[in-house]
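Notes follow once the structure below has been shown.
The values are calculated or read from the model by the stated rules, or taken from the named source; none is laboratory data. Source: prediction; values computed, not measured. Please note: Cβ atoms are built from the backbone with ideal geometry, for glycine as well, and neighbour counts cover all protein chains shown. Only protein heavy atoms, including side chains, enter the accessible area calculation; ligands, DNA and RNA are left aside. Shrake-Rupley method; radii C 1.70, N 1.55, O 1.52, S 1.80 Å.
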Amino acid sequence: MAKNKSKKAKPKLKKTAAKKSGKTNGVHALPKPSTKPWGAAGKALDGVRILDLSHVQAGPTCTQMLAWFGADVIKVERPGIGDITRGQLRDVPNADSLYFTMLNHNKRSITLDTKHPKGKEVLDRLVKICDVLVENFGPGVLDRMGYTWEYIHKLNPRMIVASIKGFGPGPYEDCKVYENIAQCAGGAASTTGFREGPPLVTGAQIGDSGNGLHLSIGIITALYQRLRTGRGQRVNIAMQDGVLNLCRVKLRDQQRLKHGPLTEYRQFGEGIPFGKAVPRSGNDSGGGQPGWILKCKGWENDPDAYIYFITQAPVWEAICDVIGKPEWKTHPDYAKPPARLPRLKHIFATIEQWTMTKDKFEVMEICNKIDIPVGPILSMKDLAEEPSLRKTGTVVEVDHPTRGKYLSVGNPIKLSDSISEVKRSPLLGEHTEEILGKVLGYSAKDITEIKQSGAVSAPQKTRSAAA
């Protein structure tokens with residue numbers, strides 16, 4: 001049967017144009033779907049090499065996340081000293097601290113004196129063969145080392161330079177910043193705690209680890225863009241910016257405050273006037289539904305025998321039934337959310353009389369069956385011993401050659417085709433020779449020369465000098 005010539009043939013995209021743009025019909029050119037079993041096609045960042053000049057927490061959090069996804073992270077450390085956290089808060093004598101081991105899994109360590117001519121030569125070669133450089137030095141330190149953006153980009157135009165600093169451009173950009181300073185400068189502390197008390201910082205490391213995660217997103221985004229442009233770029237995270245990003249609901253409330261009181265805050269129901277800035281809200285829910293932390297059975301002796309309870313409007317009738325107050329379902333003082341706002345203190349006190357008769361897990365079991373949103377206050381002990389977290393790899397046991405077995409967090413992000421594994425952190429300089437030889441291509445003679453120069457370790461004394 002002859003084809004209908006009257007129909008227009010679908011135009012074909014010219015191969016030359018597709019190659020030039022890297023796209024096919026508007027979509028980035030991709031290989032054919034792998035036929036390998038799910039989880040057996042390699043890790044997401046296989047082939048990506050990270051030059052890790054970071055230390056302490058923010059940078060190492062970022063590079064550890066990338067290493068969990070398969071990137072080859074080469075951690076550069078000072079000879080004989082290493083990352084300062086190796087010795088901080090040490091609980092096992094002569095062993096790397098948990099502070100270090102829990103932030104540097106899956107990495108390789110090379111010791112390098114970057115002020116030494118040979119050390120700078122090695123670092124230059126690392127810059128040339130890596131995809132990403134990560135640093136969280138103080139303002140201007142990398143430039144003073146001679147590694148300006150222009151110098152790095154000249155050595156490797158494809159290099160992505162990722163930096164964490166305390167503040168962005170402005171009056172405080174030259175200031176040093178640590179975790180709690182970031183929480184204070186980013187708005188978290190002013191809105192944390194109880195209205196009658198001072199500002200508080202949170203136990204979650206939103207300034208350091210939170211911004212390490214922000215930086216990892218920036219790096220992966222820059223790697224993706226490099227597929228189109230072929231060139232690297234700078235990725236900058238200011239700790240103040242990152243904390244503010246995590247406090248966006250409070251910035252939301254600051255704007256709402258101009259148009260009237262924040263009715264979901266407990267102080268509104270208590271008739272306490274609002275000031276010009278968002279107040280500390282204690283345990284009020286930030287989502288518009290009233291919530292509070294309530295005592296559970298055993299609270300007298302257990303500091304974590306509490307549960308977070310939200311009086312969500314759609315399940316109000318179920319709440320009334322479960323706490324033994326069915327009359328509240330139709331009572332004009334309790335039936336509707338606006339009527340309940342001035343009475344929240346009394347309502348939560350009444351609910352607490354019920355929660356105190358159950359342990360926190362019983363409350364959770366009862367409430368979740370009828371869709372009442374609650375959450376037990378889980379201690380670090382609870383989390384460390386929770387079997388489900390071990391099974392998913394959220395909490396892992398790692399064996400270390402000098403400190404023995406310890407618990408750590410695993411990758412919180414689960415990919416179905418990129419299976420994460422947690423490998424122990426490296427000993428100081430453990431992979432120096434391996435990186436010099438297998439990664440950078442130095443000969444055995446060159447490696448001996450570099451070692452004896454003092455660029456990666458203290459120079460070996462000759463017998464006559466030692467005599």
Residue pairs, Cβ under 8 Å, 6 or more apart or interchain, first in segment 76-88 and without any contact (Cβ under 8 Å) to a residue 40 or more places away in the chain and under 15 Å from TYR99 (Cβ atoms), second among the basic types (Lys, Arg) and open to solvent by less than 40 Å² (accessible area, probe 1.4 Å). List them. ASP83/LYS75
Subset of segment 246-258 [free of Cβ contacts under 8 Å to residues at least 12 places away in the same chain and part of a loop (DSSP other than H, G, I, E, B)]: none
Regarding segment 267-288, can at least one residue be identified that is without any contact (Cβ under 8 Å) to a residue 60 or more places away in the chain and among the basic types (Lys, Arg)? yes
Has segment 164-178 got any residue that is within 21 Å of HIS431 (Cβ to Cβ) and out of contact with any Pro (no Cβ under 9 Å at 6 or more places or on another chain)? no
Does at least one position in segment 77-85 carry a residue that is surrounded by fewer than 23 Cβ atoms within 10 Å (Cβ to Cβ), closer than 17 Å to TYR406 by Cα and modelled with pLDDT of 95 or more? yes
If you check ALA29 against the conditions, is it at negative phi, free of Cβ contacts under 8 Å to residues at least 24 places away in the same chain, in contact with a Gly (Cβ under 7 Å, 6 or more places away or on another chain) and not acidic (Asp, Glu)? yes
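Quick grid of which residues meet (1) closer than 18 Å to LEU378 by Cα; (2) among the acidic types (Asp, Glu); (3) touching a Leu at 6+ places or on another chain (Cβ under 8 Å); (4) at pLDDT below 95:
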{"site": "GLY271", "(1), (2), (3), (4)": "no, no, no, yes"}
{"site": "PRO290", "(1), (2), (3), (4)": "no, no, yes, yes"}
{"site": "LEU294", "(1), (2), (3), (4)": "yes, no, no, no"}
{"site": "ASP302", "(1), (2), (3), (4)": "yes, yes, no, no"}
{"site": "GLN312", "(1), (2), (3), (4)": "no, no, no, yes"}
{"site": "ILE323", "(1), (2), (3), (4)": "no, no, no, no"}
{"site": "PRO337", "(1), (2), (3), (4)": "no, no, no, yes"}
{"site": "TRP354", "(1), (2), (3), (4)": "no, no, no, no"}
{"site": "LYS358", "(1), (2), (3), (4)": "yes, no, no, no"}
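Each row is one residue, and each column tells you yes or no for (1) surrounded by 14 or more Cβ atoms within 10 Å (Cβ to Cβ); (2) hydroxyl-bearing (Ser, Thr, Tyr); (3) farther than 26 Å from HIS259 by Cβ.
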residue: VAL278; (1), (2), (3): yes, no, no
residue: ASN283; (1), (2), (3): yes, no, no
residue: GLY286; (1), (2), (3): yes, no, no
residue: ASN301; (1), (2), (3): no, no, yes
residue: ILE307; (1), (2), (3): yes, no, yes
residue: GLN312; (1), (2), (3): yes, no, no
residue: GLU327; (1), (2), (3): no, no, yes
Condition (residue is of a type in the set (D, E, K, R), more than 15 Å from LEU341 (Cβ to Cβ) and over 25 Å from the mean Cα position of the chain (by Cα)) applied to segment 263-273: is it met by at least one residue? no
How many residues of segment 244-260 are within 19 Å of SER190 (Cα to Cα), surrounded by fewer than 16 Cβ atoms within 10 Å (Cβ to Cβ) and not polar (S, T, N, Q)? The answer is 6
Test set (1) open to solvent by less than 10 Å² (accessible area, probe 1.4 Å); (2) under 25 Å from LEU440 (Cα atoms) - ARG49 fails condition number: (1)
Considering only segment 261-268, I want to know if a residue exists there that is aromatic (Phe, Trp, Tyr), open to solvent by 50 Å² or more (accessible area, probe 1.4 Å) and farther than 23 Å from SER54 by Cα. yes
Pairs needed: first member in segment 227-245, touching a residue at least 12 places away in the same chain (Cβ under 8 Å); second member anywhere, among the polar types (S, T, N, Q) and outside any helix (DSSP H, G or I); C-beta distance under 7 Å; at least 6 residues apart or different chains. ASN236/SER163
